[in-house]
Every structure is written in C-alpha cells, then in structure tokens.
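Take a look at the structure set out below.
The values are calculated or read from the model by the stated rules, or taken from the named source; none is laboratory data. Since the structure is predicted, the reported quantities are computational estimates derived from the model, not experimental observations. Note: ideal-geometry Cβ built from the backbone for every residue, glycine included; neighbour counts use all protein chains shown. Keep in mind that these areas ignore ligands, DNA and RNA; they rest on the heavy atoms of the full protein, side chains included. Shrake-Rupley method; radii C 1.70, N 1.55, O 1.52, S 1.80 Å.
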Amino acid sequence: MLPRDWRTLAWISAAVVIASAPAWTGTWIYDDWHMRGNDLMDGLDDVLRVFGRTSVDYLKTSQDQAITGATYRPLAMLSLIAVQGISAEAPLGHHLLSVLLHLLCVAGRVFALKQRTHRSIAVAAGALFALHPVGIEAYGWINGRSDVLAGACLAWLAYAARSQANLRMRALCFSLALAAVLSKETAFVAVLGMLIAEALSSRGATFRETLVRARPAVVAGVAGAAAAVGVRAIAVGLSSAGAGAMLLTYESQPVTRVARLWAVALQTLVIPAPRTMKSLAWELSQPLTAGAITLLAAACLLLAAAAWKRQVRTVALVACAAVSLIPTLVVSHGFWQGLDRYLYMPAILLALAIAECLPKEREPRLRPSLARGALAAAGLGFALATFLSAGSYANQAAHFSAMIETRPDDPTGYLAGALWLWEAKEHETATALLERMPRTELPPPLASQLVTVLGRMGRADEALSVLANLHREHPNDPFVLYDVFAVSLSRGDFERAFAADLALDNKRMFCSGRRALVGSVTREHPEWTARIAAARATMECD
C-alpha cells in the first residue's frame, strides 16, 4: 500500500497527464525548430560539450547575444541534447521528460509546503499549481525546459532547506542550488532569496534558534549557487552575461515598466484562464486595466500588512519573487513570445510565502466534504483551462491560430503565422494573414519584425516605408537602429548605414551581429569592400 502522500500525488499526476495531453502529444513549435538539423544538438557526443557553449552557439545568430546576453544553461541543454541524440525526429521524448519534471516539481512543492502549513492546505496548493494553466508554457513547450528544470530544483531545495540538517541534506542543498542556477540564470536570485528567508526568524522561534537550525542548509545552498557562477566563469566567462547591462542601458521608463510587468504577472497568476504565449513587447505597451491596478494595489497592501505583523519570511519571499521577474524586461525589447514560463519559479516562492502565514498545526475550519468539493471544482476548472491552453502547443498552426483567436488586437500571432506560412511556401495564405494584422501603434520590436516579414516576402518598398516611420518615431531605439543599419547596408546606402552603426557603437550593442552583417554583405558585393572598410575604420566594436 502506497503512503498517503504518494497516493495523492499519483492522482494529481494522472490529472496533469490528461489535462496536458494535447501539448505532450504534439510536435515542434516556435523555437523548437532550432533544434532540428542543428549539428550542435544532433548526437550524444554534444552532451560532453554543453558546459563550454552558450545560447549564441546553439542559435548560430550573434544578434541574440546583444539582446539577452549569452544565456548559459548547460543542464537544460544537456537534457535537450540527450533526448535529441536518442530520437532526433520524435518530440514525444522531450515532452514526456518535461511533464515528468513538472510532476517532480509538484511533489517537491507539496512536501515543502507540508513543512510550513497544514497537510490539507499543502495538497490543495500543490494540486492547483500542478493544474494551473500558467505552467503549460514551461512543461508543454519543449524549449521551456530551463524553467521547469530549475523550478523542480528550487521546490526540492525548499524542502531540503527545512529538513533535518544532516550531511546528506547539506549535500542535497548544495547540489540542488548548483543544478538550479546551471539550468537558468534567474534561479540564482530565487535560490538566494529562498535561503535568506529560511535563515530569518519564524513563528514561535527566536532568531538564534532559527539561525542555528537553518545555517547548514543556507551555507550549503549559497555555496552551490556560487559554484554555479564559478562554473560559468571558468567555462565561458562572465562577460557574456549582458542581460543586466542591456536592461540598465535601454532608454525607457524602468519604474513604469516594472510596475506594469508585476501587474500583468499577478493578473496571469490570479486568473487561471486558458492562454497561449504572449508577447511582452505588446503586453507592456498597453495601458494597465483597472483590474490589474487593483490587483497590484491589493498585493502591496497585503505585503505591507505582513511586514507590520513581522512576517519576515513572507516579505522576503515575495520580494524575491518580484525581483526575479525583473530580468524578464530584457526580452520585452525583442520579438520574443512567452510570459508564463517566467512565472514558474516566482509562483513557487509565492506559495512558500503564503504558507508561512497559514496555520500549521490546526486544520482550516471547513467541513471536510465542503473543502473536498471546493477543491474538486477548482481542480476541474484549472484542468479544463490547462487542456484548452495545451491545445495551442499541438503544432505550429494551432499555436499562431490560438494567439490570433484569443488576442485579435495583438499583432504577434499574425506576424509569427505569416512568417511561418511563408517559409512553408504557403505564400497566398501568408499574405492574406499579414493583411489582416492590426498595424496601429506597433511597439518597436513588433514593427521591426514586420519589416523582417515584409522583407522576406519581397515587399522591400513597404518594408522601407515602415522602417522610415519607425525610425522617425523612435530615433534612439537600438533595435530600430540595428534594422536601419542592416537594411541600409544591404542596399549600399553607406552614409545612413554607418550613421546607425556609430549610434549603436555609443550604446555598445549588437557588435557581433553588425560584424556578421558586414562580412555577409562584403562577400555578396566584393566591390564594396574598400568603402565598407574605410567607413568602419573607427568603429569601437572592431
């Protein structure tokens, strides 16, 4: 007979497998296509080389290094390459591993919550997290692997850090912290924040008692996170971690953008509606709704109340969850799809924060039948939302169709669909879809993508017109300047191209991408070599 907790987890796991079936039985979508035919991901021999490679190596495009910094996630890539090396053409293995990691995360979360609150609350919270549609982007999409892997490590680290501080648990804390940070960079903030909260005073314990019990786990976990940074420094160096610099140098209104990001994140977590990938560039360009503002204000009031009651662990965990989301702003400056996967780890921290405020010894005052009925109804609703969300991960057509149907005013789905259809040689359908796309008040990343799509379709004059308007409206936007440089260079308009080049030099951005473009154009037009060399003689990036 299985122990009670494991029987409960088995039922939750069965519900997750059924609810997410459209996703894990699906095929490749979005960035998954980069894996197919990639000679750095096509064999088990590449497993041994993951610790010396960054995202720039795998994507084979140097522009991304300037946008996000070179992401270094060797464990996540190892898991992808290992499955890809065994079965390169079958996405099922990837999907099954992702679902398994999600279920592992759910189990860790339930056990961690049991240490902090009553079992019934822990099981209910674990079940709702398991079935919440916000998670499908992390475990239903193959390349969401870094989030679900880091999340599983974080959940079990929360359990190990509160367990008996013996040598085995210290080793486990070290290993889980190391693995989390080597799976995704933002796990560094999540791990440190969770460990710091663990070292703070808890209900009914003096600071000294708490510190003595927590010190071994905290020290081991911090050492693991630091070791992960050391591994990166030795393997690829720290200079490629440019995301923070990008965020600080980008000309925007950071306070406003951070507040809007938090509001969107809260709305996504609190309202478990069916969803598919969003574009942060579009979401953060929209005015905040009254509902989002109300949620943000309510969260601030609750946090202030927790601080007033000296619930320091709750405050620390919420603050950590909020801070760990800020690097997400970096991807809002490019044509990136997805928001939900970035909420996977913060959701774990928020659950731990809430658990610290709830009773542990006393069961909530609800009739057992009423509590079970309410949980069953909520679980069924969450499962249905997850099932509908999972359908958008079945294939590429379902993916962009879902984006268009759920958000017809968001240009992202139209752009992604038109480009994919054009590459699939369905030119008439792609053109018709692009004509349906709303074009009013496009934020720079989406307008830039429109220029790219029009260029691929051979509509050069229209692309130049869009780019000219974009440059007038956003003359200092680095993505716009990069587009001006690329288009002008390819057309031989060197005066305009290198004016944009010089402006980008002042921002220290897209250096490797610009070099690659110059090399490509020089190979195509060798007669321009001398003029290009003279124009770039003073460029700092060289």
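Inter-label distance, Ala378 to Asn166: 3.5 nm, where each label sits 7 Å from its Cα along the C-beta direction.
Protection proxy ranking for 342-350, 398-406, 147-155, using the average of other Cβ atoms within 10 Å per residue and placing the highest first: 147-155, 342-350, 398-406. Efficiency by 1/(1 + (r/R0)^6): what FRET value for Thr25 and Arg531, r their Cβ-Cβ distance, R0 = 45 Å, to the nearest 0.05? FRET efficiency, Thr25 to Arg531: 0.25. Between Ala460 and Arg7, the C-beta separation translates, for a Förster distance of 56 Å, into a calculated FRET efficiency of about 0.30.
Placing +1 on each Lys and Arg Cβ and -1 on each Asp and Glu Cβ, with no other charges, gives the chain a dipole about its Cα centre of roughly 2800 debye.
How many percent of all Cα-Cα pairs in region 405-539 sit more than 21 Å apart? Spell out each step's value before the answer.
On the way: 4173 of 9045 pairs.
Cα-Cα pairs in region 405-539 separated by more than 21 Å: 46 percent.
Note on region 398-473: dipole from Cβ charges, positive end direction compared against Thr440, Trp420, His399; the farthest Cα belongs to Trp420. One decimal place: the segment Cys300-Val219 gains 26.1 nm when fully extended, by the rule 0.36 nm per residue minus the C-alpha distance.
Loop-resident trypsin sites (Lys or Arg not before Pro) (DSSP state other than H, G, I, E or B) in region 394-492 with no more than 11 further Cβ atoms inside 10 Å of their Cβ: Lys425. On the chain, 64 percent of the accessible area sits on carbon and sulfur atoms, based on a 1.4 Å probe.
What FRET efficiency comes out for Leu48 versus Ile18 if R0 is 35 angstrom and r is the Cβ-Cβ distance? Round to the nearest 0.05.
E(calc), rounded to 0.05, equals 0.40.
When the Cα positions of Gln267, Ala516, Ala122 are compared along the charge dipole of the chain, Ala122 comes out farthest toward the positive end, with charges on each C-beta of Lys, Arg, Asp and Glu.
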